[in-house]
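Here the structure comes first, spelled out in structure tokens, and everything after it is commentary.
The values are calculated or read from the model by the stated rules, or taken from the named source; none is laboratory data. It should be emphasised that the depicted structure is a prediction, and the values quoted were computed from it without experimental measurement. Here the Cβ positions follow ideal geometry from the backbone for every residue, glycine too, while neighbour counts run over all protein chains shown.
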Amino acid sequence: MGAGDELGARLKAYEGLAASVAGKGKDLVNEPMIRHWCEAMGDTDPAYTGPDAIAPPTMLQAWTMGGLSGHTGRTGAYDELFDLLDEAGCTSVVATDCEQEYLRPLRPGDEVGFDTVIESVSDRTTTKLGTGYFVTTRTDVRVGQDLVGTHRFRILKYAPARRKRKPKETRARRPRPVVNRDNAGFWEGVQHHRLLIQRCTDCATLRHPWLPGCNACGGLDWDTVEASGEGTVYSYVVMHHPPFPAFDPPYAVGLIELAEGVRIVSNVVGVPYDKVRIGLPVRLEFRRYDEPEGDDDGGPLVLPVFRVLPGRAGGVG
Ligand code: ZN
């Protein structure tokens with residue numbers, strides 16, 4: 001340990017200290033939790049069902065987790081250790097690995113108790129993420145006096161490495177719509193700030209997106225009606241991942257039901273992404289993206305988007 005690692009010495013003093021004492025599992029080992037786990041994992045091993053069912057060994061931690069309400073029996077030592085690391089600038093944390101040992105199977109009705117100890121704190125380590133310390137805790141799981149398993153959990157608490165700033169790049173352009181003879185009329189309408197819905201001239205059924213024929217009657221003739229622009233959010237997703245050039249996640253993608261009854265996928269604008277809700281009234285507007293540069297002959301991209309009407313989203317003025 002170098003002179004610079006006074007912190008390391010202070011951290012090492014936590015090795016062997018209890019992080020929680022005489023913890024109790026929130027539930028007895030039970031069939032419903034076993035069944036849910038097996039379904040989530042896709043584990044159909046017959047050992048986990050029937051009158052002689054055992055719990056999947058890898059569920060060990062499920063029986064000791066505190067849930068949202070937390071646990072009694074925590075000593076505070078682990079929190080103190082974290083505070084020391086935070087003060088030293090190691091403010092980020094990542095779980096790195098977990099090791100379990102199983103001494104005997106758990107069965108429905110078993111009442112689980114546990115103790116957790118801070119087993120080790122590593123020397124200062126530099127990883128790609130940054131410089132910090134690995135902290136390993138060991139939880140001994142018991143039923144009565146019998147040790148039934150151990151659960152080792154290791155985290156890296158670290159000061160994030162400074163990332164090299166990328167040189168300023170020209171912003172990626174949004175992908176262009178693929179215009180073909182079946183949908184050209186739609187995109188031409190958009191260029192003129194009109195949202196056109198196809199209408200079958202045989203049976204008058206409206207359709208979107210544009211298609212060569214009518215799904216209701218098979219008719220091939222159509223004309224268009226212009227959408228009034230009124231609609232509601234029928235459904236939505238918030239895109240976080242994967243990142244995609246020209247888009248800044250998170251953002252909301254809505255399935256908008258137009259007043260005319262057809263639905264269209266589009267961006268929902270005018271409120272933060274996390275304020276979008278099913279049923280919100282929205283109104284059509286047209287947005288320009290990507291002004292042309294140089295000899296770009298494409299011109300700006302115009303897209304229909306839907307703005308949440310002022311005062312209609314919860315908590316937004
Ligand atoms: Zn039709």
Exactly one of Asp274, Asp223 is outside any loop (DSSP other than H, G, I, E, B), more than 16 Å from the ligand (Cβ to nearest atom) and not aromatic (Phe, Trp, Tyr), and that one is Asp274
In the range 52-80, which residue that is of a type in the set (A, V, I, L, M, F, W, C) and in a loop (DSSP other than H, G, I, E, B) is modelled with the lowest pLDDT? Leu68
Would you check if there is a residue in the range 185-208 being out of contact with any Phe, Trp or Tyr (no Cβ under 7 Å at 6 or more places or on another chain), in contact (Cβ under 8 Å) with a residue 40 or more places away in the chain and on the phi > 0 side of the Ramachandran plot? no
Extreme residue, surrounded by the most Cβ atoms within 10 Å (Cβ to Cβ), among residues of the range 254-275 that are of a type in the set (A, V, I, L, M, F, W, C) and modelled with pLDDT under 95: Val268
Looking at the structure I just gave you, is Ala13 out of contact with any Gly (no Cβ under 6 Å at 6 or more places or on another chain), among the aliphatic types (A, V, I, L, M) and at pLDDT 90 or above? yes
What's the number of the condition Val93 fails, among (1) within 24 Å of the chain's Cα centre (by Cα); (2) without any contact (Cβ under 8 Å) to a residue 60 or more places away in the chain? (2)
Do you know which of the residues in the range 196-216 that are aliphatic (A, V, I, L, M) and surrounded by 18 or more Cβ atoms within 10 Å (Cβ to Cβ) is farthest from the ligand (Cβ to nearest atom)? Leu196
Only one of Phe244, Phe286 is in a loop (DSSP other than H, G, I, E, B) and either modelled with pLDDT of 95 or more or farther than 28 Å from Asp202 by Cα (or both); which? Phe244
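Quick check on Ile197: is it more than 30 Å from Ala172 (Cβ to Cβ) and within 23 Å of the chain's Cα centre (by Cα)?
The answer is no for Ile197.
For (1) loosely packed, with under 14 Cβ neighbours inside 10 Å; (2) within 24 Å of Asp146 (Cα to Cα), each residue gets a yes or a no:
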| residue | (1), (2) |
| --- | --- |
| Ala9 | yes, no |
| Leu17 | no, yes |
| Gly23 | no, yes |
| Met33 | no, yes |
| Trp37 | no, no |
| Ala40 | yes, no |
| Pro46 | yes, no |
| Gly50 | yes, no |
| Leu60 | no, yes |
Can you tell me which residues in the range 226-241 are touching a residue at least 24 places away in the same chain (Cβ under 8 Å), in a strand (DSSP E or B) and not polar (S, T, N, Q)? Glu226, Glu230, Gly231, Val233, Tyr234, Tyr236, Val238
